[in-house]
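**Student:** Below is the structure I would like to discuss, written out as structure tokens.
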Amino acid sequence: MVRVTVAGPELVDLEAQGPTDHVKVFFPDPTTGHLAAPVLTAEGLERPSSGTLHVRDYTPRAYRSRGPTGPELDLDLVLHGDVGPASTWAGHATVGDRLVVAGPKGSKLVPPGVTSVLLGGDETALPAIARWLELLPVDVAVRVLAEVDSAADETYLDQVGPAGRPLEISWLHRHGRAPGTEPLLERAVQRRGLVDRSTFVWFGGEAGTLRGVRRHLRRDLRLTARQAEVSGYWRLGEAAFDHHAPIDPSDPD
Ligand SMILES: Cc1cc2nc3c(=O)[nH]c(=O)nc-3n(C[C@H](O)[C@H](O)[C@H](O)COP(=O)(O)OP(=O)(O)OC[C@H]3O[C@@H](n4cnc5c(N)ncnc54)[C@H](O)[C@@H]3O)c2cc1C
């Protein structure tokens, strides 16, 4: 994971108040280095006349309206090798490189009145999970199921959110196996007593491995779409995965 801080006066009005907000980030072409991005006009976003758009979704991890050189936005990008424009760029980025960021389009705020929450996901969901921990009221009890490679990756959620919150984090280790290939989250969510009728549930991560999680929540436990949100953040073997595509085509929302 690499933290990228984007700075510039254009960020002055950025608002990201929901835990699952995301921005669209336009990356340079990995081969030519050309950064194609839409331009903001009075009529809205206008596509560039040339170049391929390489756009991916990222969670605004933190925003400061007054950084040392103006407004700043932190993005945490998972490095998965020189594969895909985002990971390739992030693995070689140096200070001063350019990105174009658009959004967030809207914010879905923390659901009101919840008393207990279960959060889960792989590394791509950790920024959103951290946002949940910061934005949920301190008296809401939170359990987290976090899939990472090994114990060395367990620091991301250290001291995130208010002290004193009832919080239990279970780290699930892949032990060197590729992300998106093991049903670790599915097995973990089936643990008895993890979810009851009053628990709000949110999961994000590799869409294929989340299908079993969603089936358990929605079919076995009969949680409603409002109570259990499962969001595919990427899909193994698919570039530029569209997170609006249903995780389970046999049972779309
Ligand atoms: C709402 C939302 C918020 C997101 N927030 C974040 C965030 O804060 N941080 C973050 O890192 N990601 C986040 N993601 C996921 C990120 O957008 C994807 O991982 C994206 O595909 C990365 O683009 P890429 O150019 O690196 O790879 P792509 O060109 O999209 O894919 C190329 C290949 O890499 C594989 N791949 C993609 N992502 C991964 C991965 N993480 N691990 C292993 N293989 C992968 C694909 O399966 C494909 O085979 C978010 C996604 C959504 C929908």
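The values are calculated or read from the model by the stated rules, or taken from the named source; none is laboratory data. Note that the structure is predicted; figures quoted are calculated from it, not measured. No Cβ is skipped: glycine too gets one built from the backbone with ideal geometry, and neighbour counts run over all protein chains shown. The accessibility values were calculated without ligands, DNA or RNA, using every heavy atom of the protein model including side chains. Shrake-Rupley method; radii C 1.70, N 1.55, O 1.52, S 1.80 Å.
**Student:** Only four residue types carry charge here, +1 at the Cβ of Lys and Arg and -1 at the Cβ of Asp and Glu. Report the dipole size of region 116-234 about the Cα centre in Debye, rounded to the nearest 20.
**Tutor:** Computed about the Cα centre, the dipole is about 740 debye.
**Student:** Moving on. Report the gain in length on full extension from THR155 to VAL2: 0.36 nm times residue separation, minus Cα-Cα distance, nm rounded to one decimal.
**Tutor:** Computed gain between THR155 and VAL2 is 53.7 nm.
**Student:** Once phi is turned into ³J(HN,Hα) by the Karplus curve 6.51 cos²θ - 1.76 cosθ + 1.60 with θ = phi - 60°, what whole-Hz value does each residue of region 164-171 show in order, with x for glycine and proline?
**Tutor:** After applying 6.51 cos²θ - 1.76 cosθ + 1.60, I find x, 6, x, 9, 10, 10, 9, 8 Hz.
**Student:** Also, I was wondering about something else. Give the shape of region 116-234 as rounded, prolate or oblate, defined through the alpha-carbon gyration tensor: a ≥ b ≥ c are the square roots of its eigenvalues, a/c under 1.5 means rounded, and otherwise the shape is prolate if a/b is larger than b/c and oblate if not.
**Tutor:** oblate
**Student:** Okay, next question. With +1 on each Lys and Arg Cβ and -1 on each Asp and Glu Cβ, how big is the dipole of region 2-102 about its Cα centre, in debye rounded to the nearest 20?
**Tutor:** In debye, rounded to 20, region 2-102 gives about 160.
**Student:** Same structure again: Considering all alpha-carbon pairs of the chain, what whole percent are spaced by more than 23 angstrom?
**Tutor:** Distances greater than 23 Å cover 53 percent of the Cα pairs.
**Student:** Around ASP251, with a cut-off of 9 angstrom between Cβ atoms, what is the net charge of the other residues, counting Lys and Arg +1 and Asp and Glu -1?
**Tutor:** Computed value for this residue: +2.
**Student:** Here's something else I'd like to know. Volume per residue, Å³, of the convex hull around the alpha-carbon atoms of region 1-147?
**Tutor:** Dividing the Cα hull volume of region 1-147 by its residues yields 121 Å³.
**Student:** Follow-up question, since we're still on this one. May I ask which residue of ALA245, ALA163, ALA188 lies farthest towards the positive end of the charge dipole of region 140-253, with charges of +1 (Lys, Arg) and -1 (Asp, Glu) on Cβ and the Cα centre as origin?
**Tutor:** Of the options given, the answer is ALA188.
**Student:** Ignoring everything except DSSP H segments at least 4 long, calculate the 222 nm mean residue ellipticity for the chain; use -39,500 (n - 2.57) per segment, divide by total residues, nearest 500.
**Tutor:** -3500 deg cm²/dmol
**Student:** Suppose every K and R has +1 on its Cβ and every D and E has -1 on its Cβ; what is the size of the dipole of the chain about the Cα centre, in Debye to the nearest 20?
**Tutor:** 700 debye
**Student:** Let me ask you something else. Say we join alpha carbon atoms closer than 10 Å with springs in a Gaussian network model of the chain; which of GLU72, GLU46, GLU123 then has the biggest fluctuation?
**Tutor:** Greatest mean-square fluctuation among the candidates belongs to GLU46.
**Student:** Positive end of the dipole of the chain, charges at C-beta (+1 Lys, Arg; -1 Asp, Glu), about the Cα centre: which of THR52, GLN227, LEU99 has its Cα farthest in that direction?
**Tutor:** Result: GLN227.
**Student:** Within a Cβ distance under 11 Å of VAL160, other residues only, what is the Lys/Arg minus Asp/Glu net charge?
**Tutor:** So the surrounding residues net to +1.
**Student:** Can I ask one more? How many Å² of accessible area per residue for region 40-128, probe 1.4 Å?
**Tutor:** Computed with neighbouring chains in place, this is 55 Å² per residue.
**Student:** Measure off, as a whole percent, the carbon and sulfur share of the 1.4 Å-probe accessible area of region 116-234, all protein chains present.
**Tutor:** Using a 1.4 Å probe with all protein chains present, region 116-234 comes out at 48 percent carbon and sulfur.
**Student:** Please compute the net charge surrounding GLY106, taking Lys and Arg as +1 and Asp and Glu as -1 over other residues with Cβ under 11 Å from its Cβ.
**Tutor:** 0
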